[in-house]
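Asks: Dropping a structure here in structure tokens format, bear with me for questions.
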Protein chains: 2
Amino acid sequence: MNISDVARDTGLPPKTIRYYEEIGLIRPLRSENGYRVFRDSDVHKLAFLGRARTLGFSIEDCRTLLALYEDQDRASADVKQVAQDHLDKIEDKIAQLQSMQATLKHLVRECAGDNRPDCPILSDLARG
Amino acid sequence: MNISDVARDTGLPPKTIRYYEEIGLIRPLRSENGYRVFRDSDVHKLAFLGRARTLGFSIEDCRTLLALYEDQDRASADVKQVAQDHLDKIEDKIAQLQSMQATLKHLVRECAGDNRPDCPILSDLARG
DNA sequence: CTTGACCCTCCAGTGACTGGAAGGACTATC
DNA sequence: GATAGTCCTTCCAGTCACTGGAGGGTCAAG
């Protein structure tokens, strides 16, 4: 399989696939003309990576998860730990965004949004 | 005022303040020895920027907001538009994170987290 | 034999800082 | 006046996970 076939099948852009090779997440073969040749195992790994990225795991987390996936002697506790840590970060992030959301919603609601210059949004930013 | 005084008063690191000057958000004076000299108006702007950044506005949004703030003839509608667009982005982001959160919570709950290799998290990533 | 769609590598840019090196300036103490 | 310590400066590199583009080789169809 060539890179664009893999891109189609995994939903990952060719650029991203090349990048994943560059940082050592996959090691596709090469044909004589220099083109990358992807085995099923490469495609499988890329799909795995795509899904992990969709869940928001960092590339380093993905590397760890892939290593755990390939390690038949892994402990599920190790996987769970990675996922739990990530979940905690996501929940922190959600809380942070919700706090911004609450403030912004309030300010937007208070703002007349007309031709006049008076604006509670700017007043808030200016005075804290 | 020197940079570290301003950093203390605004809560922004000196590095960030220098960066804001570099990208043209502020234009502090210079004393003979080359040190930056911050007027009250600079400190005020930096505090404004700090609060806007806390609300998650991008630097370019901050630049726009600062310009609107300084424009006595602004229309509050323009400010409101910036804030509403940002709020929309935040709400998209929250929804995306909540979707990750839901999936991850489910997977983490299903995972035994013991010494055995069987792991629903990896199974999910491997098969979608 | 040319066209167009592939593929390759390498370099630069994104956003918003952050860390560190190398060196000048100021303040306090001896 | 020397020294130590803290401040200030600039400049360069790195972060994260790609993404865009230049410049050039390869392949299949007509």
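What follows is calculated from the coordinates using simple rules that are stated; it is not laboratory data. Predicted, not measured: the structure shown is a model, and the values here were computed from it. Reconstructed Cβ throughout: ideal geometry from the backbone, glycine too, with neighbour counts over all protein chains shown.
Asks: Exactly one condition in (1) within 9 Å of DNA strand C (Cβ to nearest atom); (2) on the phi < 0 side of the Ramachandran plot; (3) surrounded by fewer than 16 Cβ atoms within 10 Å (Cβ to Cβ); (4) not acidic (Asp, Glu) is not met by residue B:34; state its number.
Replies: It is condition (2) that residue B:34 fails.
Asks: Still on this structure, please answer the following. Take residue A:78 and tell me if it is surrounded by 16 or more Cβ atoms within 10 Å (Cβ to Cβ), in a helix (DSSP H, G or I), without any contact (Cβ under 8 Å) to a residue 12 or more places away in the chain and more than 7 Å from chain B (Cβ to nearest Cβ).
Replies: Taking the combined requirement at face value, the residue satisfies it.
Asks: Now for a separate question. Those residues that are in a loop (DSSP other than H, G, I, E, B) and closer than 15 Å to residue A:51 by Cα, I need them from the range A:1-25; list them, please.
Replies: Those that are in a loop (DSSP other than H, G, I, E, B) and closer than 15 Å to residue A:51 by Cα: A:11, A:12, A:13, A:25.
Asks: Continuing with the same structure: Mind checking which pairs have a first residue in the range B:14-37 that is away from chain A (no Cβ under 14 Å) and a second that is among the aliphatic types (A, V, I, L, M) and within 7 Å of DNA strand C (Cβ to nearest atom), Cβ under 8 Å, 6 or more apart or different chains?
Replies: Within 8 Å, the pairs are B:23/B:59.
Asks: Mind checking whether some residue in the range A:62-71 is assigned to a helix (DSSP H, G or I), among the small types (Gly, Ala, Ser) and buried (at least 18 other Cβ atoms within 10 Å of the Cβ)? Walk me through how you get there before you give the answer.
Replies: As a first pass, look at the range A:62-71 and keep what is assigned to a helix (DSSP H, G or I): A:62-70.
Next cut, among the small types (Gly, Ala, Ser) only: A:67.
Then keep just the ones that are buried (at least 18 other Cβ atoms within 10 Å of the Cβ); that gives none.
No, the range A:62-71 contains no residue that is assigned to a helix (DSSP H, G or I), among the small types (Gly, Ala, Ser) and buried (at least 18 other Cβ atoms within 10 Å of the Cβ).
For every residue, the table says whether it meets (1) of a type in the set (Asp, Glu); (2) within 16 Å of DNA strand C (Cβ to nearest atom).
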{"residue": "A:39", "(1), (2)": "no, yes"}
{"residue": "A:61", "(1), (2)": "yes, no"}
{"residue": "A:70", "(1), (2)": "yes, no"}
{"residue": "A:101", "(1), (2)": "no, no"}
